[in-house]
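The values are calculated or read from the model by the stated rules, or taken from the named source; none is laboratory data. These numbers come from a predicted model, not from an experiment. Neighbour counts run over all protein chains shown; Cβ positions are idealised from the backbone, glycine included.
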Amino acid sequence: MAKIGFIGMGNMGYAMLKGALGVFNKDDLVFTDVNSDRMKSVSETTGVKYVETNAELANTAKFIVLAIKPQFYAQVIKNIENIVKKDNVIISIAPGISVNSLKDALGFDARIVRAMPNTPALLGEGMTGICYDQTALSFEEKDVIGKLFSSFGKYKLVDERLMSAVTCVSGSSPAYVYMFIEALADGAVKHGMPRDAAYEMAAQTVVGAAKMVLETKDHPGKLKDQVCSPGGTTIAGVAALEEHGFRNSIIKAVDACYDVAEGFGRK
């Protein structure tokens, strides 16, 4: 029996599978996808075997990762509901879908892990929020969960009530960071810098600034103040950002993201 099975080989499913290969034997992994060409391609690239149906995967793997979009959950649950047993651990990465709603859909007190990874997992730099009932899993099962989610980045245990906030702050936010990098580069191009150089400098600056926050543990406001000399160029830029509602725009984006994530759970 395979240890971990992945239903879905989109960006996140593939990123998780790719990370898992770094800590698990390929024979411990299995996957499936609706696209047969995609399955063949992933199998050829990774050496991991695939199965043809969701039901076959559920019958094969102990840990079942639902790496699919929320709108496909009902169909996939229908495929596996009569196969999944108490011994299985279901790992859901869909925003807004609660542990209790998954238990109701499966029809029994299933063991559920909710997770929200993000696309930098493709490079081993993901950030995942996870939640599960600590009393429901054995030490060995928790170890597998920890190894899986640390195989493609970092993870943090959170209360389930915070999972929609996790979606906002890490799951969806890479898109906002890419927009910032693009806009910053556009500004440099406006003033004569070649575009490839502008993208490289903007992106590396984001990497470096993020490491400053993570490694110094200083408040972001303190680090910002250290760059802002009195009457200098940086404080002029900060003032312009404030004038045009930079921080408020980010908060509003988080609010919009949160509302949609919560809405998935109500549908």
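Remarks
- Residue within the range 196-216 that is out of contact with any strand residue (DSSP E or B) (no Cβ under 6 Å at 6 or more places or on another chain) and either outside any helix (DSSP H, G or I) or modelled with pLDDT under 95 (or both) present: no
- Scope the range 138-189; condition more than 20 Å from the chain's Cα centre (by Cα) and under 19 Å from SER92 (Cα atoms); matching residues: SER138, GLU141
- Restricting the first member to the range 217-233 and to residues that are in a helix (DSSP H, G or I), and the second to residues that are surrounded by 10 or more Cβ atoms within 10 Å (Cβ to Cβ) and not acidic (Asp, Glu), the beta-carbon pairs closer than 8 Å and six or more apart or on different chains are PRO220/VAL213; LEU223/ALA209; LEU223/MET212; LEU223/VAL213; LEU223/THR216; LYS224/VAL238; VAL227/THR234.
- Within the range 3-44, the residues that satisfy the criterion of being in contact (Cβ under 8 Å) with a residue 60 or more places away in the chain and surrounded by 21 or more Cβ atoms within 10 Å (Cβ to Cβ) are ILE4, GLY5, PHE6, ILE7, GLY8, MET12, TYR14, ALA15, MET16, GLY19, ALA20.
- Those residues of the range 155-173 which are in a helix (DSSP H, G or I), without any contact (Cβ under 8 Å) to a residue 60 or more places away in the chain and buried (at least 16 other Cβ atoms within 10 Å of the Cβ), in sequence order: VAL166, SER170
- Unmet requirement for THR135, which otherwise passes all of (1) of a type in the set (Val, Ile, Thr); (2) in contact (Cβ under 8 Å) with a residue 60 or more places away in the chain; (3) within 17 Å of ILE91 (Cα to Cα): (2)
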